[in-house]
Amino acid sequence: MERRVAIIAAGLRRFGFILAGLCAFTLALTLLFTALGGGSVDRTVSIGFDLVGIFFLVAGFFVGNRGPVRLKGQASVPLFGERRMRWATLDERHEAISDSAIFVAVGIAMIIIGVTIDSRYRLF
């Protein structure tokens, strides 16, 4: 049981580092756009967080909906003749679902941060 808690804590810590880094990058980029455009800081930052969140939600959708067929190698697939395709292994399918879950979780977190920053709406 202690090992399981340690694994979950380590995963949450890594997720926090990823989210903090992405937030810092998004904040720096949106502050640059605010300086160039001259708009409201909280509104521009809110829109930036929302756009990044939407991007990660869409990316998570597409990563999770990958089909069960993969290329056999790095070579291109010919139009006619032998198909260079194979079925995905169970590990590859689990990895696709796990990656999708991470993208969706980051996207939802970024949207929540963006809504929280927006001063047009009162949350409490």
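We did not get these values from a lab; they are worked out from the coordinates using the rules stated. Here the structure is a predicted model, which means the values were calculated and not measured. Neighbour counts are summed over all protein chains in view; Cβ atoms, including those assigned to glycine, are modelled from backbone coordinates with ideal geometry.
Values as computed for the structure displayed
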item: Convex hull (Cα only) mean projected area of the chain, reported in nm² to one decimal; result: 12.4 nm²
item: Coil-residue trypsin sites (Lys or Arg not before Pro) of segment 17-77, DSSP, other Cβ within 10 Å capped at 12; result: 72
item: Net length gained if the chain between residue 65 and residue 95 were fully extended (0.36 nm per residue, minus Cα distance); result: 9.6 nm
item: Rounded, prolate or oblate (a/c below 1.5 giving rounded, otherwise prolate when a/b exceeds b/c) for segment 1-68 by Cα gyration tensor; result: oblate
